[in-house]
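Everything below concerns the one structure shown next.
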Amino acid sequence: MKQSEIFRENAENCAHLAEGAANEPAFHRYKRMEAAWRALADEQDWLDGEVSPARIPLVHPGNGHAPAKQAPSAG
């Protein structure tokens, strides 16, 4: 089994834990962990030469989501 597959299994486990979370903070914690495992899996695929770097989505480390595009600031 490839290392990236193990990472994706870990992400799935976190997704299942999020579904059964007792409260909202725990839910968000598990979802962030899921996103981190998926990002690791994508990077491992790149390191293994399976995908090009252009196919790896950018993930904001703070919340596990891709950064939103911001409007230019005035001034």
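The values are calculated or read from the model by the stated rules, or taken from the named source; none is laboratory data. Not measured: the values here are computed from a predicted model. We place every Cβ from the backbone using ideal geometry, glycine too, and count neighbours over all the protein chains shown.
A few notes on this one:
- Residue 38 falls short on exactly one of the conditions (1) surrounded by fewer than 16 Cβ atoms within 10 Å (Cβ to Cβ); (2) touching a residue at least 12 places away in the same chain (Cβ under 8 Å), and that condition is (1).
- Matching residues, the range 41-64, being surrounded by 12 or more Cβ atoms within 10 Å (Cβ to Cβ), modelled with pLDDT under 70 and farther than 18 Å from residue 9 by Cβ: 56, 59, 63
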